[in-house]
Amino acid sequence: METLTAAELELLKYPIGKFVRGTKAETPERVAACISILEAYPAKLRAEVEDLDDMQLATPYRPGGWTVRQLVHHIADSHGQSLQRFKLALSEERPVIKPYKEALWAEHIDARTMPLEPSLQIISGTHARWVVLLRNMTASDFACSFVHPEQQREISLAEALELYVWHSGHHLAHITGLKKRVGR
């Protein structure tokens, strides 16, 4: 196995760069673009993973990283949490969200061994519901926020929208990058 430099490892870890805190979808055009990205994401993800065999699904996207299987199950977990956070912020005044230990969740037996289909269905259903919610939100709704206790700050829904557009692209790039590197 080849030795990678720190810069190469960083690029494998953050193939589209790190999310910049405070980035917000602040115009109607940007909000619409973000919603379109989230709407298209389940089909894009499915297209990238549907022909992978068990050995390929068990391949880490980078040294020390999650396998493709764990990534897909993580996306289902994470995006489900995000939809709930949006609904909490729209229903309560500055709710404090419950963080979860995503790295530990990725080590549970379901994330390590299950077929992808249940999580692909979760992602598809979550995004379908999320898109309906997002398309019906007002500008003042996007100003609603939740409190992230580990980050010790408020996160507006306009920032959370950008974060999950980034998150979607981030993990899709992990998969597409791995496929390019292994000639798939």
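Residues being hydrophobic (A, V, I, L, M, F, W, C) and without any contact (Cβ under 8 Å) to a residue 60 or more places away in the chain: count how many of those fall in segment 148-167. Steps first, please.
So in segment 148-167, the residues hydrophobic (A, V, I, L, M, F, W, C) come out as 155, 157-158, 160-161, 163, 165-166.
Going one step further and asking which of them are without any contact (Cβ under 8 Å) to a residue 60 or more places away in the chain, we end up with 155.
Count: 1.
Condition first: over 17 Å from the mean Cα position of the chain (by Cα) and more than 30 Å from residue 152 (Cα to Cα). Now tell me which residues in segment 96-116 satisfy that.
109, 110, 112, 113, 114, 115
Please list, ordered by residue number, the helices (runs of 4 or more DSSP H) wholly in segment 64-147 having 1 or more residues that are free of Cβ contacts under 8 Å to residues at least 24 places away in the same chain, of a type in the set (Asp, Glu) and out of contact with any Ser or Thr (no Cβ under 6 Å at 6 or more places or on another chain). Break it down stepwise before answering.
Details: elements: 68-91, 102-105, 109-113, 117-135, 139-142.
Those helices (runs of 4 or more DSSP H) span 117-135.
In this structure, does residue 123 turn out to be of a type outside the set (D, E, K, R) and over 16 Å from the mean Cα position of the chain (by Cα)?
Against the criterion (of a type outside the set (D, E, K, R) and over 16 Å from the mean Cα position of the chain (by Cα)), residue 123 does not qualify.
Is it the case that some residue within segment 73-87 is among the basic types (Lys, Arg) and modelled with pLDDT of 95 or more?
yes
Is it true that some residue in segment 155-163 is buried (at least 18 other Cβ atoms within 10 Å of the Cβ) and charged (D, E, K, R)?
yes
Please specify each residue of segment 33-49 satisfying the condition of being farther than 13 Å from residue 162 by Cβ and surrounded by fewer than 16 Cβ atoms within 10 Å (Cβ to Cβ).
Across segment 33-49, the qualifying residues are 36, 40, 43, 44, 47.
The values are calculated or read from the model by the stated rules, or taken from the named source; none is laboratory data. Note that this is a predicted model, so its numbers are computed, not measured. Positions of Cβ are generated from backbone atoms using ideal geometry, with glycine treated the same way; all protein chains shown enter the neighbour counts.
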